[in-house]
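Here the structure is laid out as C-alpha cells; the discussion comes afterwards.
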Amino acid sequence: MNMKKHLFFLLSFFLVLIITNQAYTTQFTYYNNSITLSPVAPPVIFTTGGTLGPNKTSATASITLSNTNQLIMNPDFYANPDYWYCSPGTYLSCYYLTSDIGASGGVGQIYGTIPTYTTDQAYLIQSITFPQATITSITMSATLRYVSRPLFSTYYYIFGLYDPVSNSWVSYTYGTPTRTYTTYTLTINPSSVSAGRTYYVVAGGYITTTRRNGVYDLRYDSVYLTITTAEYVFSGVVLGVNNTDVKSYFAKLVLQGVGGVLGDLSANVTLENLNGVVSSPISIVSGSVVLNETSEVAVPQGISGYNSLWVRVNAKTTQVISGSLYILFVYCSVSGGGGVCEYYPITLNLSS
Ligand SMILES: [Ca+2]
C-alpha cells in the first residue's frame, strides 16, 4: 500500500464544481519594512507540449498531420495520471503507481479488497475525439497484469471503446489476466464509430468472488488507440495549462492570424478543462477561418498530477501543408473578460 501515490481523479460527471465570483475591495495602509522581493510567478502557466517561453507564459507547439495517429493522451502513464479519470466500483478503485516490475514508467492500478460472494468492477477512463475524416482502421492495445486476486474468484481485465451518448460499449474485449505483463489487442470496426465524435476509452477490471474474500490488484502499463485515415489528420492535446492559484480563472483562445501554406486544412481548436467542460472551437474550414475565438471555460485550480486545462486540436487536410496559427490564450480573474486579464501567445505550427 505504500506504493500508492495518487487516487485517480474521479469521473467528471460525478463532480459538482461550485464557482463563486466575488469581487473584493480592500483598502490597505502600507507598512514599511525592508524585505527582499522575489519575482512573483504567474498563477496560470503552460505546462506540457511544445517549447515554452520565459515564465511559461508563451508557447510554440508543432504538430504533424498523418495517416496514422495514436489518440490517447498519456497512454503509458509515464509521469502521472493526467488525462485519465476513474469510475470506481463499490470496493475497487483506481490508483497510480510510479513504477512496477516489468512496466515502463507509471501504471494505472485497479485495486480493492472484495468481500465473499460479491461482484465488483472499476475503470480507468479517458475521452478521445475521432478526427472528422475517413477512418480506415481502429486498433486498441493494452499491456496489463494482475498481482493478486481472491482464491476461487472469477477475475477479468476488460477494455474497449464506450459511447457516452448511447451509454453503451462500441466494442470491448476481456479475458483472464496473467501475472506478467502481456499485451492484448482489440480491432474495432471503423463503421461502428462516427467521425468527429467523442468517445471514452475504458480500461478496467471485473471480479466475482465466492467463498473467499481478498485483494484484487490489476495493473495497466499502457493503453493505446491507433487509427489510420485516408486524409492526413491530428487529434489530440497540444498544450497543457496549469492553475497554481487557489481560485479559478476564466480562459478563452483568440485566433489572431494565420501564416504559411494551410491548403485545404480544416481544424477545430478548443479548450477543455479538468471537469470535462469543452469550449466552442476556433474553426477553420477548407483553409478559411470561420470562427476566430472559443467560448470561455473555467480554469480550475490544479490537482497534483493533472493539468487544469488543455488546448486540443482536431485537424484534417488532404494536401501537403506547412503553416502556422497565431493564437492568444486570454485568461481573466472574472468571467466575461472582467477583472484582471493576461494574454499569452501561442504559435501552433502544422505540417503534413
Ligand atoms: Ca507505463
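Values quoted throughout were computed directly from the atomic coordinates according to the rules given, and no laboratory measurement underlies them. Only a predicted model underlies this, so the values are computations on that prediction, with no experimental measurement involved. When we count neighbours, we look across all protein chains shown, and the Cβ atoms used for this are built from the backbone with ideal geometry, even at glycine.
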> Fewest first, what order do Asp163, Asp82 take by the number of other Cβ atoms within 10 Å?
Replying inline: Asp163, Asp82
> Simple spin-label model, 7 Å along Cα-to-Cβ: Thr139 to Thr178 in nm?
Replying inline: 1.9 nm
>> Quick check: from the Cα gyration tensor, does the chain come out rounded (a/c under 1.5), prolate or oblate?
In response: oblate
> What's the local net charge at Gly337, with K and R +1, D and E -1, over the other residues with C-beta under 9 Å away?
Replying inline: 0
> If we count other beta carbons within 10 Å of each Cβ, what is the order of Phe329, Phe152, fewest first?
Replying inline: Phe152, Phe329
> Which part of the range 285-301 falls in the paramagnetic zone of Tyr343, meaning amide N under 17 Å from the point 7 Å along Cα-to-beta-carbon?
Replying inline: 292-294
> Contour minus end-to-end for Thr64 and Thr198, with contour as 0.36 nm per residue of separation and end-to-end as the Cα-Cα distance?
Replying inline: 46.1 nm
> Label points 7 Å out from Cα along the Cβ direction at Ala79 and Arg211: separation in nm?
Replying inline: 5.2 nm
> Once label points are set 7 Å from the Cα along Cα→Cβ at both Ser99 and Thr185, what is their separation, rounded to one decimal in nm?
Replying inline: 3.0 nm
>> Please arrange Arg219, Arg211 by how many other C-beta atoms lie within 10 Å of their C-beta, fewest to most.
In response: Arg211, Arg219
> About the Cα centre of the chain, what is the dipole size in debye to 20, counting +1 per Lys and Arg Cβ and -1 per Asp and Glu Cβ, all else neutral?
Replying inline: 740 debye
